[in-house]
Amino acid sequence: MSALSPAALLLLLLTTTHAALAHVLLGRSWRQLPIFWATAAAGCLIATLLGWRFPLNIPAPAGVPMLEASLLAWILLIVVSRLRL
């Protein structure tokens with residue numbers, strides 16, 4: 001049996017996917033990868049914990065607002081990529 005709930009697993013996959021794609025598109029060095037991962041995780045968690053939802057009829061698998069979490073993660077990733085880290 002899995003120790004992770006479906007929502008936690010989905011957030012982990014979403015975070016890792018966004019961080020990897022942001023690193024490919026916006027990254028300049030390998031040391032930015034953990035920073036991008038932490039930023040994507042923060043964006044996904046903030047959107048999920050605040051229950052941020054657009055007034056659209058979009059399914060939320062396992063209660064995770066995919067569109068909202070992705071949007072907030074990318075906003076934060078773009079801000080962090082512009083910093084000189």
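Values quoted throughout were computed directly from the atomic coordinates according to the rules given, and no laboratory measurement underlies them. All values reported here derive from a predicted model rather than from experimental measurement. A quick note on method: Cβ atoms are made from the backbone with ideal geometry, for glycine too, and the neighbour counts reach across all protein chains shown.
The table that follows gives values for the structure above.
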quantity	calculated
Efficiency of FRET between LEU83 and LEU50 - r from beta-carbon atoms, R0 22 angstrom, step 0.05	0.40
Contour minus Cα-Cα distance for LEU13 and LEU26 (0.36 nm per residue)	2.7 nm
Cα-based helix-to-principal-axis angle, 6-26 vs the chain, degrees rounded to 10	30 degrees
Normalised contact order of the chain, rounded percent, pairs of Cα under 8 Å and 6 or more residues apart	36 percent
Stokes-Einstein translational diffusion, the chain - Kirkwood Rh over all Cα pairs, 0.692 mPa s, 37 °C, in µm²/s	249 µm²/s
